[in-house]
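Chemist: My questions all concern the structure below.
What follows is calculated from the coordinates using simple rules that are stated; it is not laboratory data. The model shown is predicted, which means the values in this text are computed figures rather than measured ones. Every residue, glycine as well, gets a Cβ built from its backbone with ideal geometry; the counts of neighbours run over all protein chains shown.
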């Protein structure tokens with residue numbers, strides 16, 4: 001899996017890359033606050049399109065657990081727990097999520113971006129979780145906003161482009177390495193029309209291209225929208241795009 005153009009480098013790649021974790025930590029705090037606010041207005045038992053049989057309560061409990069687990073990974077500790085299914089009342093859900101969000105943010109701020117950490121692809125630095133949890137929260141923010149029937153808070157196009165980049169260059173390869181995602185044998189080019197960023201997923205020349213805003217492309221890769229979305233355009237071999245979306249690059 002390769003990227004056609006380098007965008008949003010990770011810490012240490014360049015002077016610009018070293019400033020990225022600071023921005024991502026601030027963006028994470030903003031996304032967490034927005035998630036908590038939107039989730040608190042939704043019916044806990046409202047269905048969440050794009051998340052199978054999950055309800056809003058399940059998404060809130062899941063993200064709270066992931067924040068807690070990621071805080072452990074950021075300091076080199078593997079905390080094992082299953083997704084809880086209780087409590088499910090709005091007040092308790094709000095309290096649990098806000099606690100987990102504060103715990104994660106405080107842990108990441110205290111450890112700093114360059115501290116040794118466990119990551120999904122082995123050992124790395126804590127800045128990995130600044131990025132991973134930002135995009136995890138951003139996707140689930142869109143989930144609960146959709147369930148609540150309210151527009152999701154707006155984030156810059158560059159943030160959504162970074163969501164795409166994380167799938168293509170970090171999350172997807174990590175899932176492929178452990179056998180959770182299929183290798184891409186028919187390369188696909190992805191173009192974010194609002195930022196000009198371009199990626200090629202798979203090795204070799206792309207036989208198909210998907211174009212759309214960075215947000216639409218990110219939601220497509222995360223299986224929140226499909227190719228029928230009016231904001232997306234596909235050219236070339238459609239079976240290559242179908243294979244990409246069915247490969248399991250995201251959970």
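Chemist: Let me know the Kirkwood hydrodynamic radius for segment 52-105, please, with Cα pairs as the basis and the value in Å to one decimal.
Modeler: Evaluated on segment 52-105, it is 11.4 Å.
Chemist: Let me ask something else about it. Just the Cα atoms of segment 158-245, one point each, no solvent: what log10 I(q)/I(0) does Debye give at q = 0.21, 0.23, 0.25, 0.26 Å⁻¹?
Modeler: For segment 158-245, the Cα-only Debye profile gives -1.00, -1.21, -1.42, -1.51.
Chemist: Share of antiparallel DSSP beta bridges in segment 154-251, in percent to the nearest 5?
Modeler: About 60 percent, rounded to the nearest 5.
Chemist: Using Cα centres only, tell me the gap between segment 61-122 and segment 192-214 in whole Å.
Modeler: Segment 61-122 and segment 192-214 have Cα centres separated by 32 Å.
Chemist: Quick check: the angle from helix 56-74's long axis to the longest principal axis of the chain, C-alpha only, nearest 10 degrees?
Modeler: Compared with the principal axis, the helix lies near 80 degrees.
Chemist: Using every pair of alpha-carbon atoms in segment 145-201, split the distances into 10 Å bins beginning at 0 and state the percent of pairs per bin, rounded to integers.
Modeler: Each 10 Å bin holds this share of Cα pairs: 20, 38, 30, 12.
Chemist: OK, next. Helix 90-111: angle to the longest alpha-carbon principal axis of the chain, degrees 0 to 90, nearest 10?
Modeler: The angle comes out near 70 degrees.
Chemist: Kindly express, to the nearest 10 degrees and within the range 0 to 90, the angle between helix 15-41's C-alpha long axis and the longest C-alpha principal axis of the chain.
Modeler: Helix 15-41 sits at roughly 60 degrees to that axis.
Chemist: What order, most packed first, do the peptides 78-90, 128-140, 104-116 have when packing is the mean number of other Cβ atoms within 10 Å of each residue?
Modeler: With the highest mean Cβ count within 10 Å placed first, the list reads 128-140, 104-116, 78-90.
Chemist: Okay, moving on. Å³ per residue of the Cα convex hull, for segment 15-153?
Modeler: Normalising the Cα hull of segment 15-153 by residue number yields 105 Å³.
Chemist: Next question, about the same structure. Looking at the square roots a ≥ b ≥ c of the eigenvalues of the Cα gyration tensor of the chain, which shape do they give, rounded for a/c under 1.5, prolate if a/b is larger than b/c, or oblate?
Modeler: It comes out oblate by the Cα gyration axes.
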